[in-house]
1. Run the helix sum for the chain: -39,500 (n - 2.57) per DSSP H stretch of 4+ residues, divided by residue count, reported at 222 nm to the nearest 500 deg cm²/dmol.
2. Per residue, how much accessible area does the chain have with a 1.4 Å probe, in Å²?
3. Nearest 20 debye, what's the magnitude of the dipole of the chain about its Cα centre given +1 on Lys and Arg Cβ and -1 on Asp and Glu Cβ?
4. Apply the Karplus parameterisation 6.51 cos²θ - 1.76 cosθ + 1.60, with θ equal to phi minus 60°, to every residue of the stretch 8-25 and state each ³J(HN,Hα) to the nearest whole Hz, in sequence, with x for glycine and proline.
5. Once Rh for the chain is found with the Kirkwood sum over Cα pairs, what is the Stokes-Einstein diffusion coefficient at 20 °C and 1.002 mPa s, in µm²/s?
6. List the residues whose amide H sits under 5 Å from the amide H of Val184, counting only those 5 or more places along or on another chain, with H placed 1.01 Å from N in the peptide plane.
7. What distance in nm separates the two pseudo spin-label positions at Glu40 and Glu258, each 7 Å out from Cα along the beta-carbon direction?
8. Hey, in the GNM for the chain with a 10 angstrom Cα cutoff, which one of Met111, Met178, Met137 fluctuates hardest?
Amino acid sequence: MGKDYLLQVQNVTKRYGDKIALNDFSMDICPGEIVALIGENGAGKTTLLNIICGYSKPSAGQVQYKGKNIVANPLIIREFGILIEPQFLDYISAEENLRLLSQLSNQKQDMRIKELLEKTELYSSRKKKVKEFSFGMKQRLGLCQCLLTEVGFLILDEPFVGLDPIGKELFKQTILDMAHKQNVPVLFSSHDLDDVDEICDRVVMISKGNKQLDQPLEHKQTYTVKIERTISDDIKRSLLEKCSDLRFFEDKIMFQDETLIIDIQKILLQKGHYICGFSVQKNNLKSLFGMEG
């Protein structure tokens, strides 16, 4: 198997009559990995999440968690923290909703409930009826709900929709802590590339039920040094002898290792060139999709 995969989606197809919502889709997730699922509305993101959570059965293929088929072992999803259209009893308070849920899971968790309400900044509203909550507050209560019991895997459908900037930061910090401190993998869907860019380790893109892209997201920066005229082959050779990871374009030298700046500067000065421009660009999802510049 090579890598230590916790979740494996294997050749999953989902049909609704003549419509194919997911087509022969495969992906794997390792412990502690944050994977973002992106794609336009109706691409198949929620369908995939519902199949992984066992809410919907695939027409073909299978999903395995810890090597077990989810359809054949439905109780395994008790280990999942799931935020897909959270459901609450509107006529009771936020705190009572969480208490009721903890009783259903046979665990009394007053301290955990208090901690989660504080973490999501809902503690001051804990006695309020949920019907008085804004959409963003309901999203945050949904996060409390899915973290109420110890989880081995976190699945979130569009978690940032309807959140104010503070709510977004809270969610992002929770996701980062879960993955990087507790080694819990997180799979979340989003259509906002900026949100994805900030926290994910890997991005998977779905379009019309097909996987279009599956790649790690490296949070690197590209440095560009501009000199006063086109770079000659002689200078390229001198630079490459000292610094291997360089790209050249007319009068520009591009690289990703910040420590190369001093060497590049020295060589250019020795060769009688001067630097007339310097810029830093963050490599992000938008640049990957050619949406910037």
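1. On the way: 9 runs with 91 residues, N = 293.
Taking each H run of at least 4 residues, the total per residue is -9000 deg cm²/dmol.
2. On the way: 15480 Å² over 293 residues.
I get 53 Å² per residue for the chain.
3. Values: 39 positive and 41 negative charges, 134 e Å.
That gives the chain a dipole magnitude of about 640 debye.
4. Once rounded to whole Hz, the list reads 10, 9, 10, 6, 7, 10, 10, 10, 10, x, 7, 7, 9, 7, 9, 10, 6, 8.
5. Working: Rh = 21.9 Å.
This corresponds to a translational diffusion coefficient of 98 µm²/s.
6. Amide H to amide H, under 5 Å and 5 or more residues apart or across chains, Val184 pairs with Gly32, Ala179.
7. Once both label points are built, they end up 3.9 nm from each other.
8. Met111
The values are calculated or read from the model by the stated rules, or taken from the named source; none is laboratory data. Just so it is clear, the structure is predicted and the values come from calculations on it, not from any experiment. Cβ atoms come from the backbone with ideal geometry, glycine included; neighbour counts cover every protein chain shown. Accessible surface areas use protein heavy atoms only, side chains included; no ligands, DNA or RNA. Shrake-Rupley method; radii C 1.70, N 1.55, O 1.52, S 1.80 Å.
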